[in-house]
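The values are calculated or read from the model by the stated rules, or taken from the named source; none is laboratory data. No experiment lies behind these values; they were computed from the predicted model shown. So basically every Cβ, Gly included, is an ideal-geometry build from the backbone, and we count neighbours across all protein chains shown.
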Amino acid sequence: MDTDLYRKQYDFELDQRAHLGSSVNIPITAATFLFGSVVALTMSHRHAVDALSVTFGALVGLALVFLALAIYFIFRSLLGYTYEKLQPLSLLRAHHGQLVVWHQSNGSTEEAANADFDAFLRERISDAADRNDANNIARSDYVYRATFSISLGAIFICSSSLFFLHQSLDSRVEPTQVRVVGDVHVVKGVKEKE
């Protein structure tokens, strides 16, 4: 079988590794933005013990659960993977030389040593590509789970913002009682206290 096919698959899996590493940036950015939105909504929400506030709190709580899951999946997509690479070229060259010496000392030809080396190289490339492929599949699954969790978190944040908007539009300003102590004189539009 053609060694180039094995090399292309090996290179593809290493390229996928780099792609997966950079594809995590979008979920990280989205999760950061959504966490900021939760904090902003929660800090400016008027906390009370009524049905709207409890519903708001429940929706924010669910959003936080899904965002925490997303962070977990992001870390799982980044940590704990070992990728296989081929041995350094100096070791491969030394192994090829040893094969040539062995074949020639046992009455064989250099072409047979080259064929053995090609089979050895294909096997190593295939093993590395298979392991790297399994890593990439697991990592892409975690990136997908993180994106899905962020989407669910965004839905709950948007839902809770409706309750926040309702509360903001329905808020009534409490009257403030001011008690003036002493005499106040107004001169040229400026109030002065005597």
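A few notes on this one:
- Residues of segment 104-117 that are of a type in the set (D, E, K, R) and either outside any helix (DSSP H, G or I) or surrounded by fewer than 15 Cβ atoms within 10 Å (Cβ to Cβ) (or both): Glu110, Glu111.
- Subset of segment 22-38 [under 20 Å from Phe164 (Cα atoms) and hydrophobic (A, V, I, L, M, F, W, C)]: Phe33, Leu34, Phe35, Val38
- Filtering Arg145, Arg93, Arg124 for residues that are in contact (Cβ under 8 Å) with a residue 40 or more places away in the chain and not polar (S, T, N, Q) leaves a single hit, Arg145.
- The set of residues from segment 162-194 being touching a strand residue (DSSP E or B) at 6+ places or on another chain (Cβ under 9 Å) and at pLDDT below 70 comprises Val186, Lys191, Glu192, Lys193, Glu194.
- Number of residues in segment 50-103 that are hydroxyl-bearing (Ser, Thr, Tyr), surrounded by 17 or more Cβ atoms within 10 Å (Cβ to Cβ) and over 21 Å from Ser140 (Cβ atoms): the value is 0.
- Residue count, segment 21-44 (criterion: part of a helix (DSSP H, G or I), buried (at least 19 other Cβ atoms within 10 Å of the Cβ) and under 12 Å from the mean Cα position of the chain (by Cα)): 2
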